[in-house]
Amino acid sequence: MKKGNRRRLESRFPPSLFGLYLVTLLLMSGIHIGLVTLINENQHWPTAVQILIPTAYWTLVAVGLTLFTRYQITKTYDKPMKELARAADKVAHGDFSVYIPPLHTSNRHDYLDLMFLDFNKMVAELGSIETMRTDFIADVSHEIKTPLAAIQNYTQLLQRPNLSPEERDSYISAIQSSTRRLSELITNILKLNKLESRQITPQLESYDLCRQLSECALAFEPVWEEKGIEFNADLEDRTAVRADASLMELVWNNLLSNAFKFTEPGGTVTLHQTADEHFVSVTVSDTGCGISKEAQKHIFDKFYQGDTSHATEGNGLGLSLVRRVLQMMDGEISVDSAEGRGTTFTVRLPTEKNSKGS
């Protein structure tokens, strides 16, 4: 619940409670005056009785007020805080299913109600983080296990006698491919961890985005020539942005790498860039296998690979890195794709004068 939407806060000890105390004490004082008057009119009463009556009266008043005060403190403060303490202890021992209901309806929330609501929100987020951590460990274990198993199998095959040179070269190539995949996986995990834990602070600077796009694209020239892919680039002469150039290079390299990776020989990859007064748009399109509607919902999730037939060609972290970098640059990314007709990724970045860092 956002602070701006929170209801009026009511005190756990409202002024009306203290008014009740005041009225009660005034009534008790009036009764005391009446007792004193009654005693004075009956002077024949023994002195012990004259002393005992007001003493007993005020003893009863003191006991009553003490019990009432203790009841109010227990009900309004002590009991709720004990419930919060028990809930916090459960959370400390790993139980994230804890929920503390607010004490009042939403139109009468006081600070303890808001504390309970914030506590419930915190526990829910901790539970979500714990689930994500468990899933992350499971995914990492699976992704590491796959290339290690391949390496183990091929090393066993290499130990076989009478291997032909072609078989030996094939097994060695497969081992190198698995070790390269394992190395890329660990590198991407470390990068993503540093980005999400903010160990990497973006070094914002003004630079020419078009020049960077050209340099990144040219680095893939051997790839498109080897696969016979037609590459088209439509860029402006110069467009300035304010961002971290090294991190943005990671974005373009990932998007271009995916485009060339999933485009069949003879296909086309297109890099297009435009700019208006507020945003710079960059699209990377390919004529590859495309992405299903269901897979598009998860392609930016860690370790997600929509097409298991391509599982050996990546580890599902590239697009997670891309999205995290763009979030740090106040940018955004979207995808338009359909199975069998290719994929287009669109990146939008604020122009240099509209950047928050300018």
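The values are calculated or read from the model by the stated rules, or taken from the named source; none is laboratory data. Everything numeric here is computed off the predicted structure, so don't read it as measured data. As a convention, Cβ positions derive from the backbone with ideal geometry for all residues, glycine included, and neighbour counts pool all protein chains shown. The area values use the complete protein model at the heavy-atom level, side chains included, leaving out ligands, DNA and RNA. Shrake-Rupley method; radii C 1.70, N 1.55, O 1.52, S 1.80 Å.
A few comments on the model shown:
- Around GLY331: net Lys/Arg minus Asp/Glu count, Cβ-Cβ under 10 Å: 0
- Hz values of 3J(HN,Hα) by residue in the range 83-90 - Karplus curve (6.51, -1.76, 1.60), Gly and Pro given as x: 5, 5, 5, 5, 5, 5, 5, 4
- Solvent-free Debye scattering, log10 I(q)/I(0), computed from the Cα coordinates of the range 46-118 at q = 0.24 Å⁻¹: -1.05
- Amide H contacts of VAL241 (H built 1.01 Å from N, under 5 Å, at least 5 apart or other chain): TYR207, LEU209
- Computed from the C-beta positions of ARG348 and ILE129, the FRET efficiency with R₀ = 25 Å rounds to 0.30.
- FRET efficiency, 1/(1 + (r/R0)^6) with R0 41 Å, evaluated for ALA92 and SER170 via beta carbons: 0.15
- Solvent-accessible surface of the range 190-298, taken per residue with a 1.4 Å probe and all protein chains present: 53 Å².
- Under 9 Å, Cβ to Cβ, from THR268 - net charge with Lys/Arg +1 and Asp/Glu -1: -2
- If the segment from ARG341 to GLU205 were pulled out straight at 0.36 nm per residue, it would be longer than the present Cα-Cα gap by 45.2 nm.
- Put a dot 7 Å past the Cα of LEU65, heading toward its Cβ, do the same for ASP78, and the two dots end up 1.9 nm apart.
- THR274/GLU226 FRET efficiency (R0 25 Å; Cβ-Cβ; nearest 0.05): 0.25
- The range 37-98, accessible surface, carbon-and-sulfur percent (1.4 angstrom probe): 65 percent
- For the pair GLU215 and LYS293, label points projected 7 Å from Cα toward Cβ lie 4.2 nm apart.
- On full extension, the segment bounded by ARG160 and LEU26 gains 38.0 nm, given 0.36 nm per residue less the C-alpha separation.
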